[in-house]
1. Give the residue, chosen from 176, 240, that is outside the structural domain of residue 51 (by TED's automatic domain parsing), on the phi < 0 side of the Ramachandran plot and within 22 Å of the chain's Cα centre (by Cα).
2. Report whether or not residue 131 is in contact (Cβ under 8 Å) with a residue 40 or more places away in the chain and more than 15 Å from the chain's Cα centre (by Cα).
3. Specify the residue that is nearest to residue 109 (Cα to Cα); the eligible residues are those in the stretch 194-216 that are in contact with a strand residue (DSSP E or B) (Cβ under 9 Å, 6 or more places away or on another chain) and part of a helix (DSSP H, G or I).
4. At pLDDT 95 or above, exposed (fewer than 14 other Cβ atoms within 10 Å of the Cβ) and in a helix (DSSP H, G or I), is that true of residue 54?
5. Looking only at the stretch 84-111, which residues are surrounded by fewer than 22 Cβ atoms within 10 Å (Cβ to Cβ), outside any strand (DSSP E or B) and touching a residue at least 40 places away in the same chain (Cβ under 8 Å)?
6. Please verify whether residue 43 is modelled with pLDDT of 95 or more, surrounded by 14 or more Cβ atoms within 10 Å (Cβ to Cβ) and assigned to a loop (DSSP other than H, G, I, E, B), treating the condition exactly as stated.
7. I'm checking my understanding of the structure. Among residues of the stretch 62-72 that are in contact with a helix residue (DSSP H, G or I) (Cβ under 6 Å, 6 or more places away or on another chain) and either at positive phi or assigned to a helix (DSSP H, G or I) (or both), which one is surrounded by the fewest Cβ atoms within 10 Å (Cβ to Cβ)?
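The values are calculated or read from the model by the stated rules, or taken from the named source; none is laboratory data. As the structure is a computational prediction, the values presented were derived from the model and not from experiment. Using ideal geometry, Cβ is built from the backbone for each residue, glycine included, and neighbour counts are taken over all protein chains shown.
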């Protein structure tokens, strides 16, 4: 995402809790910073993507965080997968300092980020979204205004509930396909073009057959997103038994030390293969 912003002509300062992760952007002209305060100084926009509510609270609302250090008039584009409540809390704190805020999580993983194929689901005011549109266009192929702050996070949790469910279903399907002795290539060709086909079928089936669980999207992050989805459903008093089952499977896999692998590694857990091929 940073490289695509640079390619579009934006000037970037970058900060990461793990400085080595800024190397690719620095090689393309970004300035590496030692602190959030240095990174956001005189910035028009701040783009953030961290793992969860805890990380967002630290980065955004900490004593030396973005909201405390960014100047009035700055617009925050928060691409993290947060709870809607977290997004609204940051937006409220930002508004108190005259800072705009977009709740703008994405659909897509590494390949989509590199290819400017990300889809942004945005919760924000129309004015803040209009200001940030050039950045969203530089980083993705589509952005949709879902409503006020919190609507983006809500949409992302629904999206990832569906994604987690499909990942688990693919794992169960291939477990049976392998046991039945079906040809792997033929199985992928048919299922990849069948009525239930999706991008996940075409990306996760090869990983399972190859036992290649290098992470595109970590299983531990999917389990966290399902946990957030269940909390949202409870808040809205809506039954979600399928999501509860899938979250339980993902939780068990994480507790079995599979959380750092790709979400497709749910196959290892349900098949009993453990961490084989990790």
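1. Details: 176 fails: within 22 Å of the chain's Cα centre (by Cα).
Selected residue: 240, the only one of 176, 240 that is outside the structural domain of residue 51 (by TED's automatic domain parsing), on the phi < 0 side of the Ramachandran plot and within 22 Å of the chain's Cα centre (by Cα).
2. Working: in contact (Cβ under 8 Å) with a residue 40 or more places away in the chain: yes; more than 15 Å from the chain's Cα centre (by Cα): yes.
Answer is yes for this residue.
3. From the stretch 194-216, those in contact with a strand residue (DSSP E or B) (Cβ under 9 Å, 6 or more places away or on another chain) are 204, 207, 212-216; that's our starting set.
Keeping just the survivors that are part of a helix (DSSP H, G or I) gives 204, 207.
Working: 204: 12, 207: 15 Å.
Step by step, filter the stretch 194-216, then rank; the result is 204.
4. On the way: at pLDDT 95 or above: yes; exposed (fewer than 14 other Cβ atoms within 10 Å of the Cβ): yes; in a helix (DSSP H, G or I): yes.
Criteria met by residue 54.
5. 85, 88, 109, 110, 111
6. On the way: modelled with pLDDT of 95 or more: yes; surrounded by 14 or more Cβ atoms within 10 Å (Cβ to Cβ): yes; assigned to a loop (DSSP other than H, G, I, E, B): yes.
Taking the combined requirement at face value, the residue satisfies it.
7. Quick first cut of the stretch 62-72, residues in contact with a helix residue (DSSP H, G or I) (Cβ under 6 Å, 6 or more places away or on another chain) only: 64-67, 69-70.
Next, from what is left, pick out any that are either at positive phi or assigned to a helix (DSSP H, G or I) (or both): 66-67, 69.
Numbers: 66: 27, 67: 24, 69: 20.
It comes out as 69.
Each row is one residue, and each column tells you yes or no for (1) within 25 Å of residue 50 (Cβ to Cβ); (2) out of contact with any helix residue (DSSP H, G or I) (no Cβ under 7 Å at 6 or more places or on another chain).
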residue: 163; (1), (2): yes, no
residue: 169; (1), (2): no, yes
residue: 176; (1), (2): no, yes
residue: 181; (1), (2): no, yes
residue: 186; (1), (2): no, yes
residue: 189; (1), (2): no, yes
residue: 197; (1), (2): no, no
residue: 202; (1), (2): no, yes
